[in-house]
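Read the figures in this text as sums done on the coordinates, not as results from a lab. From a predicted model like this one, the values you see are computed outputs, not experimental measurements. Positions of Cβ are backbone-derived with ideal geometry, glycine not excepted, and every protein chain shown enters the neighbour counts.
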Amino acid sequence: MRADRLVATLLLLQARGRVTATEVAAELAVSERTARRDLEALATAGIPVYPQRGRGGGWALVGGARTDPVGLTVGEIRELFLVPGVPGVADVPGVPGVPDEGATPHLRALERAVVDGSQVRLGYERPGGAADERIVHPLGLATKAGVRYLVASTGAAGGPGALRIFRLSRVTSVEPTGDPAVRPEGFDLAVAWRSLASTAEERTRAATVRGRAERGAEAALRALFPGRLRLGRPLAHGWMTFEADGPSPQALAAQLAGLGARIEILAPREARDHLARLAAELAALYGPPAAPRAG
């Protein structure tokens, strides 16, 4: 477990006073990259660990201080299990979000579940769908662009391939089951987050629509498709071409529907047909009432 490694790294620091990533890697039988990431995670957690540069450098406790792992504060223990702040993890591209979404009502309950290693019954609302419940094994929390995600296993044994990420703003309830969570063997939160975030990014780019838009609609298009929009050449009469990526032609058409006549989808056909159906439904619901028949 990663927390075991972090505590072992801290004990090694205390025993030797100063260590290098190479020494930690050899002692704990991990890669040098993993050892360096663990040392950085200790510093991020608020433990007084700092790097020393130059010849004879390495990592040491500030002023030779000692920290009793058993006496770590709740906040320090929590940080050992959380991804935010681990260099390179919070910057995984393609997981868009908005700031200030971290203070969700279920954050503390999920932090406790991660630290305590306990399963929870998670209520979760999918985009455009009703909330459902499932038993999950919380493994850690990650942040991207101010948006928090839970990394969890949904498999009964917590095995590989059952890892999922859940956006905390869509969590509707958290109920501890009293059963221990199972961590996959060799699980590394930072590595798992990168893999899951990459998979999520691929899903958001599964389809592409091509169309034309009025000049001046650039800001609205960029807001709809952050990092997934390509503006093209200008056309006659104040139009321009564009391409946008999304999970499906239908989802892209639904997003673009709000721009009305400022855009026209040119391809694929599925997106045009879906937009036409949406327009017909809206016209039937909000259009003027039919005139009464004469006499």
Along region 264-273, what does the Karplus equation 6.51 cos²θ - 1.76 cosθ + 1.60 (θ = phi - 60°) give for ³J(HN,Hα), rounded to whole Hz, x for Gly and Pro? 9, 7, 9, 6, x, 4, 4, 5, 4, 5
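Report the full-extension gain for the segment residue 210 to residue 23: residue separation times 0.36 nm, less the Cα-Cα distance, to one decimal in nm.
Stretched out fully, the residue 210 to residue 23 stretch lengthens by 61.9 nm.
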Residue 50 versus residue 282, label points 7 Å from Cα toward the beta carbon: distance in nm? 5.8 nm
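Give me the mean projected area, in nm² to one decimal, of the convex hull enclosing the Cα positions of region 207-286.
Values: hull surface 20.6 nm².
Dividing the Cα hull surface by four gives the mean projection, 5.1 nm².
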Once both label points are put 7 Å beyond Cα along the C-beta direction, the residue 194-residue 131 separation in nm becomes 3.5 nm
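Given Cα pairs under 8 Å that are at least 6 residues apart, what percent is the relative contact order of region 107-201?
Working: 170 pairs, mean separation 28.7, N = 95.
Reported as a whole number, the value is 30 percent.
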